[in-house]
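Data first, discussion second: the structure below is written as structure tokens.
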Amino acid sequence: MKVINYGKQFLDRNDYISVEKTLKTDFLTQGPLVEKFEKKLKEKFGSKYCSVVSNGTAALHLLGKALGWKKGDVILTTPMSFVATTNCVLYSNAKPIFVDIDRNTGNICTKELKKKINLLKNTKTKIKAIIVTDYGGYPSNWPQIKKIAKIDKITLINDSCHSIGSSINGNHKYAIKYADFVTFSFHPVKTITTGEGGAVLTNKKKIDKKIKLLRSHGIIKDKSKNFWEYKINELGYNYRLSDINCSLGISQLKKINKFVNKRRKIAKKYDLAFKDMKNIETLKYKKKYQSSYHLYPLKINFNKTKLNKNLFFKKLFLKKIKLQVHYIPIYRFSLYKKKFKINLKEFPNTEDFYKKIISLPIFFSLSNQSQNKIINTIKSII
Ligand SMILES: *Cc1c(COP(=O)(O)O)cnc(C)c1O
């Protein structure tokens, strides 16, 4: 039997046909499908503009560059995310300041966010932006975050790599409704995949234009003088997404509702299986916020069992079930710990969450039988 991982892509015949068709055209890099995929994403997620790029990290990097982040700028962010969420701050030599999370959901704590902003205001520190992640796919308290950011006109970014397909009160266009910028990743473990791939969505024309410029070396076509002429005024990158990737993205996007519905069904079954178990805690999600379930996080009180997390992982791996931990808090990495004076006591909720949290396998093709095996194995071990 094969090992069951925490996440996995799903491709069908239509995906293969779509890519094969592209392989037979003249466009393997930038062709008509780039704009077509962007148009589909704009329609689906309700933004005026969209730029697809080579991956989710590139999306964040370009966004920081387009917004002109520089040394001395302060960006508030969550420590409970993939490291790329804050690496983009370092790319611009700006300074990330971490805010503790809500231990019920893993999302940024709005009370702590407000506290931090007021504290920084007292020291006359200008806050350039707030980067929020919808942990595991569960939407953060966006109405509240928006309210807080509005007071000081702070730019809001939703690193929405987990929450492609999530919704608030049934509205799956909520991300761009609340945040100024939304970033996606189409890595194979995410809701839909293009292999590698990412996107920035926004309603701000100028920034979108800048991102499109920077994703392709900063080249401005200017044939007014000579046929071959172009201008380069600033340092750009090659962060383009190819037509091959876009053709996969277009056909994957058609399946997004199917993907999310299946993930929700799997999550419901886990919820039911674990809700009344001693030493196990499911996350407390409100009904009006609907997760895409990029992850199914579960809290286990290892302190109160005879196990530790490592032993637990080992026992499950012997049954060919491979769990994950999302995430090691970003401030714990020496890259961050050394550079910014981190005091773990400032993050009691994040630390407690990290001790307990594990991610169970959740993906479209996870069979009922496999899920039963996962549930029964965990129940017999705990
Ligand atoms: C996956 C992910 C990224 C990075 O995306 P890549 O496409 O792998 O570069 C960034 N932020 C979060 C929250 C992610 O989950």
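The values are calculated or read from the model by the stated rules, or taken from the named source; none is laboratory data. Everything numeric here is computed off the predicted structure, so don't read it as measured data. For neighbour counting, all protein chains shown are included, and Cβ atoms are generated from backbone atoms with ideal geometry for every residue, glycine included. Accessible surface areas use protein heavy atoms only, side chains included; no ligands, DNA or RNA. Shrake-Rupley method; radii C 1.70, N 1.55, O 1.52, S 1.80 Å.
Taking only protein heavy atoms and a 1.4 Å probe, the accessible area of the chain is 52% carbon and sulfur.
If you take every DSSP beta bridge whose two residues both sit in the stretch 31-155, what share of them, in percent to the nearest 5, is antiparallel? Let's see the in-between values first.
On the way: 1 of 10 bridges.
Rounded to the nearest five, the antiparallel share is 10 percent.
Computed 3J(HN,Hα) for the stretch 49-65, one whole-Hz value per residue from the Karplus formula 6.51 cos²θ - 1.76 cosθ + 1.60 where θ = phi - 60°, is 10, 7, 10, 8, 9, 6, 5, x, 5, 4, 4, 5, 4, 5, 4, x, 5, glycine and proline marked x.
The 3J(HN,Hα) values that the Karplus relation (6.51, -1.76, 1.60; θ = phi - 60°) gives for the stretch 249-265 are, in residue order, x, 4, 6, 5, 4, 5, 9, 4, 5, 4, 4, 5, 4, 5, 4, 5, 5 Hz. Gly and Pro appear as x.
Here is the size of the stretch 150-199 from its Cα atoms: Rg then Dmax, 12.3, 40 Å. Checking the a/c ratio against 1.5 first, then a/b against b/c, what shape does the Cα gyration tensor give for the stretch 49-165? Note, shape of the stretch 49-165 comes out oblate. Placing +1 on each Lys and Arg Cβ and -1 on each Asp and Glu Cβ, with no other charges, gives the chain a dipole about its Cα centre of roughly 920 debye. Each Lys and Arg contributes +1 and each Asp and Glu -1, all at the Cβ; summed about the Cα centre of the stretch 112-252, the dipole is approximately 840 debye.
If the chain between Asp12 and Lys70 were fully stretched, how many nm would it gain, using 0.36 nm times the residue separation less the Cα-Cα distance?
16.5 nm
Note on Val3 and Asn169: their simple-model spin labels are 4.5 nm apart, each label 7 Å out from Cα toward Cβ.
Packing order of peptides 34-44, 19-29, highest average first: 34-44, 19-29 (average count of other Cβ atoms within 10 Å over each peptide's residues).
Shape call for the chain from the C-alpha gyration tensor, a ≥ b ≥ c root eigenvalues: rounded (a/c under 1.5), prolate (a/b greater than b/c) or oblate? It comes out oblate by the Cα gyration axes. Extension gain, Lys39 to Lys21, is 4.5 nm, computed as 0.36 nm per intervening residue step minus the present C-alpha separation. Bridges between two residues of the chain, per DSSP, are antiparallel at a rate of about 60%. The charge dipole of the stretch 43-158, taken about its Cα centre with unit charges on the Cβ of Lys, Arg, Asp and Glu (plus for the first two, minus for the last two), comes to roughly 560 debye.
Taking every protein chain into account, the accessible area of the chain amounts to 49 square angstrom per residue (probe 1.4 Å). Considering only Leu253, Gly236, Phe186, the residue lying farthest towards the positive end of the dipole of the stretch 164-258 is Leu253, judged by Cα position with unit charges set on Cβ. As a rough guide to protection, the peptides 303-315, 52-64 ranked by mean Cβ packing within 10 Å, highest first, stand as 52-64, 303-315.
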